[in-house]
Ligand SMILES: [Zn+2]
């Protein structure tokens, strides 16, 4: 089943016509369904998971609750401390399909592409780059990270020979 034929688990529309980013009284209140989906993410397909993540990013759920705020700051700090990880080539290609950010490193040129800082144009640029570098071997000539690696992380990760 392709991504485009799957439905949003919250509004049940096809993902491309998902109604969840529209507000106002004309739209049904889906707050309970939203909570149920978030509490049962294990029920979702991978495409639905990424769809909900995009919605989350759009909604930027916030709360005036003090403990909630503290935990949110703690979570951001933990994520920031989490070391960057080298992705598999298949994971990179899947990320390109879904416009999910990653960082491209070339063995000779260092970090040459960063979706976190380059924005949406990065993915089109990467597709062109990938076609032109078909002879280069993943892991040997280039590789991708799930976020910007530190210099020491790059040095510690050995290239294939
Ligand atoms: Zn929806």
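Readers should treat all values here as calculations from the given coordinates under stated rules, not as data from a laboratory. Owing to the predicted nature of the structure, the values given are computational and were not obtained by experimental measurement. Virtual Cβ from ideal backbone geometry, glycine too; neighbours counted across all protein chains shown.
Taking other C-beta atoms within 10 angstrom as a stand-in for reagent exposure, 102, 109 fall in the order 109, 102, fewest first.
Mind checking the angle between helix 46-59 and the chain's longest principal axis? C-alpha axes, 0 to 90 degrees, to the nearest 10. Here the helix axis deviates by roughly 70 degrees. Expressed as a whole number of Å, what is the distance separating the alpha-carbon centroids of region 79-103 and region 120-140? First find each Cα centre; the distance between them is then 14 Å. When the chain is treated as a Gaussian network with alpha carbon springs shorter than 10 Å, the biggest mean-square fluctuation among 37, 103, 92 belongs to 37.
Principal axis extents of the Cα atoms in the chain, from largest to smallest and rounded to whole angstrom, are 58, 39, 27.
Tell me the mean residue ellipticity at 222 nm calculated for the chain from its helices only (DSSP H runs of n ≥ 4, each -39500 (n - 2.57), averaged over every residue, nearest 500).
Details: 7 runs with 70 residues, N = 161.
-13000 deg cm²/dmol, from helical runs alone.
Could you pull out which residues in region 26-47 have an amide N less than 19 Å from a spot 7 Å beyond the Cα of residue 71, following the Cα-Cβ vector? Under cut-off, by backbone N: 32-42. The length gained on full extension between residue 151 and residue 13, counted as 0.36 nm times the residue separation minus their Cα-Cα distance, comes to 45.2 nm.
Please tell me the relative contact order of the chain in percent, rounded to the nearest whole number, where contacts are Cα pairs under 8 Å and at least six residues apart. Relative CO of the chain lands at 19 percent. The angle between the Cα long axis of helix 66-81 and the longest principal axis of the Cα atoms of the chain comes to about 20 degrees, rounded to the nearest 10. Once the C-beta distance of residue 109 and residue 79 is scaled by a Förster radius of 25 Å, the resulting FRET efficiency is 0.35 to the nearest 0.05.
With respect to the chain, whose longest principal axis is taken over its alpha-carbon atoms, helix 121-132 is tilted by about 40°.
Quote to one decimal, in nm, the extra length available between residue 32 and residue 125 on full extension: 0.36 nm per residue of separation minus the C-alpha distance between them.
Numbers: separation 93, 0.36 × 93 = 33.48 nm, distance 4.01 nm.
Computed gain between residue 32 and residue 125 is 29.5 nm.
Full extension of the chain segment joining residue 100 with residue 158 gains 18.4 nm, where the gain is 0.36 nm per residue of separation less the Cα-Cα distance.
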